[in-house]
Structures are given as structure tokens and as C-alpha cells.
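Data block below; observations after.
Read the figures in this text as sums done on the coordinates, not as results from a lab. Keep in mind that what you see is a predicted model, and the values were worked out from it rather than measured. Reconstructed Cβ throughout: ideal geometry from the backbone, glycine too, with neighbour counts over all protein chains shown.
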Amino acid sequence: MLLYRCVEAVNLSHDRVHAQMDVKLRSLICMGLNEQVLHLWLEAICSNTAVVQKWYQPWSFMSSPGWVQVKCELRVLAQFSFRLNPDWELPAKKNRQQPLREGVQDMLVKHHLFSWDL
């Protein structure tokens with residue numbers, strides 16, 4: 001249900017400014033990281049044969065069993081708190097400061113993974 005709501009939110013906000021599909025995908029990834037469910041979303045998509053056959057080529061990575069390894073790697077990211085702005089790439093938001101950098105800095109400081117050079 002969360003995946004559906006996030007896809008709808010991205011479509012609503014991004015269709016208004018005619019954003020490209022790759023921008024929408026990156027925004028959806030930001031939302032998945034923020035909600036700590038990106039690995040679950042990958043599993044939901046890749047394990048649904050009908051979705052994979054409709055949207056991906058037979059030779060694509062999403063059609064191969066390799067997605068399971070990626071899911072395992074993405075699961076590690078669920079332990080971190082992200083605050084990424086999914087609208088960062090939209091034209092109306094370009095004049096904002098750097099929320100991606102600020103969000104990553106907050107995460108690094110919170111988990112003591114920081115350098116004093118931030």
C-alpha cells in the first residue's frame with residue numbers, strides 16, 4: 001500500500017512539471033529510502049512475474065535472479081534514517097539549498113560515520 005501511495009504522490013507532483021521517467025524513479029527511490037522499505041519494494045516488483053514481463057525486457061537485470069543479491073544489499077540501508085527530498089529535481093525546487101547533502105550529513109552525524117571536514 002505504501003508503494004502505491006508513493007507512486008501516486010510522485011506521479012501527481014512530477015506530472016505537473018512534465019518530469020522525465022528517470023526523475024520520477026529517483027524520487028521514488030528517495031521515498032523508499034526515507035521510509036526504510038526500498039529493499040521490500042524491489043522484492044515486490046521483481047517477484048511479480050506479470051509486472052516484470054510487462055515492463056522489463058527478458059534480458060534485463062530485473063528479470064534475472066540477480067535482484068535477490070541487490071535486495072540483500074539494499075536491506076542494509078534500512079538501518080539508516082534518510083531525509084531525502086523527493087522533489088529535489090523538480091524545476092520549482094531548484095533554488096533550494098542542498099537537501100540531499102544536508103540529509104546525508106544528518107545521517108552520518110547521527111550514526112557517527114562523519115568526518116570533521118563536512
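Residues in segment 1-41 that are charged (D, E, K, R), within 13 Å of Asp87 (Cβ to Cβ) and within 13 Å of the chain's Cα centre (by Cα): Lys24, Arg26. Considering the conditions (1) closer than 19 Å to Ala78 by Cβ; (2) touching a residue at least 24 places away in the same chain (Cβ under 8 Å); (3) not acidic (Asp, Glu), Met1 is excluded by exactly one of them, (2). Does segment 42-51 include one or more residues that are in a loop (DSSP other than H, G, I, E, B) and over 12 Å from the mean Cα position of the chain (by Cα)? Checking segment 42-51: at least one residue is in a loop (DSSP other than H, G, I, E, B) and over 12 Å from the mean Cα position of the chain (by Cα).
The sole residue among Val52, Val23, Val70, Val76 that is of a type in the set (Val, Ile, Thr) and touching a helix residue (DSSP H, G or I) at 6+ places or on another chain (Cβ under 6 Å) is Val52.
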